[in-house]
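To start, the structure under review is shown below, and the notes come after it.
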Amino acid sequence: MSDINFPEGGQSEQEVLNQLEGFKAKDVPWKTGKVMAYIYATDPAVKALAEKAYAHFFTENGLDPSAFPSLLQLEREVVSAVAQLLGGSKETAGNCTSGGTESVMLAIKSARDYARDKYPAIKEPEVVIPSTAHPCFHKAGHYLGVKMVSVAVSAETFKADVADMEAAITEQTIMLVGSAPSYAHGVLDPIEGIAALAQKHELLCHVDACVGGMYLPFLRMLGEEVPAFDFEVAGVTSMSCDLHKFGYVPKGCSTILYRDKSLREYQFFASSLWPGYSIVNPTVLSSKTGGPMAGAWAMFQHFGKQGYQKAVQDCQAAKRQLEEGLAAIPQLKQLGKPIMGLVAFASTSDEISVFDLAERMKARGWYLQIQLASANSPQSIHVTITHFNAVHIPELVEDLKEVITDFEKEPSTTPELLQLFAPEQLQMLMADFSPDMLDTVEEMLGMETQGGLPDDMVLVNHVLNSLGPNERDTLLKAFVNRMFMAEQ
Ligand SMILES: *Cc1c(COP(=O)(O)O)cnc(C)c1O
């Protein structure tokens, strides 16, 4: 793999920690608060509490709750608290998982196995999802052999279209999905409509509140109008809610909830087919640390309803500032009407590419997440507003304005670059792409750093954007497969 040998050992604590810190040199500088994705940070004192709680349950093993009733109690309390927020009842059953992806995968697994049990005639189960559903649904389908039927959302509002979802229902359909809200545009799907449709056709209905589950309930407590999206809606049978996003808890913590435990039964795995300890896993992991759950429990005690409401209030104020700022920049256009601080915007000008814009903002210390064009959503920039980065939003707006003006003085060089590398050539190459052709593709893109990313991602993003989803995925997989190999 590389010339890195297994360590001889014996380094001092300081040496070890210094090296670890050194690894971070090229990371996005999240501590500045100018990183508008991936990070759900808290101030240092709160972080210290989460770290202590995590460390407290660092060694205990969630493999066997009978050996560690402490972990069982933590999980029960965390899950009950979340269930209460999301309109649950005494019947609501759930578990903590490693993240939203795992929560969704478990929801799909339960639905698949429920259908196998109740509707054996269904041989190739299908789940109808809006095109804005998180890719973890496709991942679940890929892992579990369940077909995801993606239905285009409105090109105007980016909300799921209930009538189009109904048209996608077949004899093989087992479940419908809605997002509360979607990540890309932050818009809330019509959950009541989707759930009613599920009831009409006797289907399960999953609400993905991974990003909104720890936000929308507090928004409602603040007196804002939030359409019904949780177990309050009769047809909703399961929900996913991440704690490691707007719960501000250590990464590795999400929840999967079911209206009652009869559906959760299909989530479990047990095996007595070996001579070792008895295995019964409610979730995917077997051995696992109690750290994330303890961190979640501690953050719930620390923030409480009041603290989370305050966090949401800060985010909403910043969201309004960003939306007003965007409305005053004619070269930019917001996509949809987000219910929370997940704001997407596109360019209205041929002269300004959002990829170039993100790159120029990077030079000013901002990290803005780019979103490639997909179905009826154009290429865009996504901003996740958290209570940590919210105070920087006015400055972000000012910098956006300045950078937009800069384009007049210094136009984008991307159109010329794109001409140089001839898109038809890439299309042809991609038609029968194999991973050993990666070097050729990279050369065409002027990427010299083998295995690394170029400092300027504009051209790469434009090329990816010009490819279809399958070609993009092929290229990205080949690239990342090598990225984990390469010596830097
Ligand atoms: C983040 C997210 C997920 C996936 O969660 P991970 O914790 O990254 O696995 C699923 N759905 C939505 C809407 C999300 O925002």
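In percent, what relative contact order does the range 272-378 have, based on Cα pairs under 8 Å that are 6 or more apart in sequence?
On the way: 55 pairs, mean separation 13.6, N = 107.
In percent, rounded to a whole number, it is 13.
Tell me what the chain gives for mean residue ellipticity at 222 nm when only DSSP H runs of n ≥ 4 count, each as -39,500 (n - 2.57), the sum divided by the residue total, rounded to 500 deg cm²/dmol.
The helix contribution divided over the chain gives -13000 deg cm²/dmol.
In whole Å, how far is the Cα centre of the range 165-184 from that of the range 8-48?
39
Can you sort 407, 158, 269 from fewest to most other Cβ atoms within 10 Å of each residue's own Cβ?
Numbers: 407 18, 158 24, 269 12.
By the 10 Å Cβ count, ascending: 269, 407, 158.
According to the square roots a ≥ b ≥ c of the eigenvalues of the Cα gyration tensor, what is the shape class of the chain, taking rounded for a/c under 1.5, prolate for a/b larger than b/c otherwise, and oblate for the remainder? Working shown, then result.
Numbers: a/c = 1.35, a/b = 1.25, b/c = 1.08.
Since a/c stays below 1.5, the shape of the chain is classed as rounded.
Please name which of 316, 425, 82 has its Cα lying farthest along the dipole of the chain towards the positive end, using unit charges on Cβ (Lys, Arg +1; Asp, Glu -1) and the Cα centre as origin.
The residue sitting farthest along the positive end of the dipole is 82.
Using only Cα atoms, locate the centre of the range 53-114 and the centre of the range 206-257, then give the distance between them in Å, rounded to an integer.
What the calculation gives is 15 Å, centre to centre.
Can you pull out the chymotrypsin sites (Phe, Trp or Tyr not before Pro) in the range 38-102 whose DSSP state is coil and whose Cβ has at most 15 other Cβ atoms within 10 Å? Intermediate values should be presented prior to the final figure.
Numbers: sites: 38, 40, 54, 57, 58; in loops: 38, 40, 57, 58.
Here the chymotrypsin sites (Phe, Trp or Tyr not before Pro) that fit, given the DSSP loop and packing criteria, are 38, 58.
What fraction of the DSSP beta bridges in the chain is antiparallel, stated in percent and rounded to the nearest 5? Spell out each step's value before the answer.
Details: 25 of 42 bridges.
Of those bridges, close to 60 percent are antiparallel.
Modelling each spin label as a point 7 Å along the Cα-to-Cβ direction, I'd like the residue 424/residue 331 distance in nm, to one decimal.
With each label placed 7 Å out from Cα toward Cβ, I get 3.2 nm.
Show which lysines lie in cross-link reach of residue 409 when reach means a straight Cα distance below 28 angstrom and same-chain residues fewer than eight apart are skipped.
Once the sequence-local lysines are set aside, what remains near residue 409 is 34, 333, 362, 401.
Just so you know, all these numbers are worked out from the coordinates, no wet-lab data involved. In this text the structure is predicted, and so the values were computed from the model without any measurement. Because the Cβ atoms are built from the backbone with ideal geometry, glycine has one as well, and the counts that use them run over all protein chains shown.
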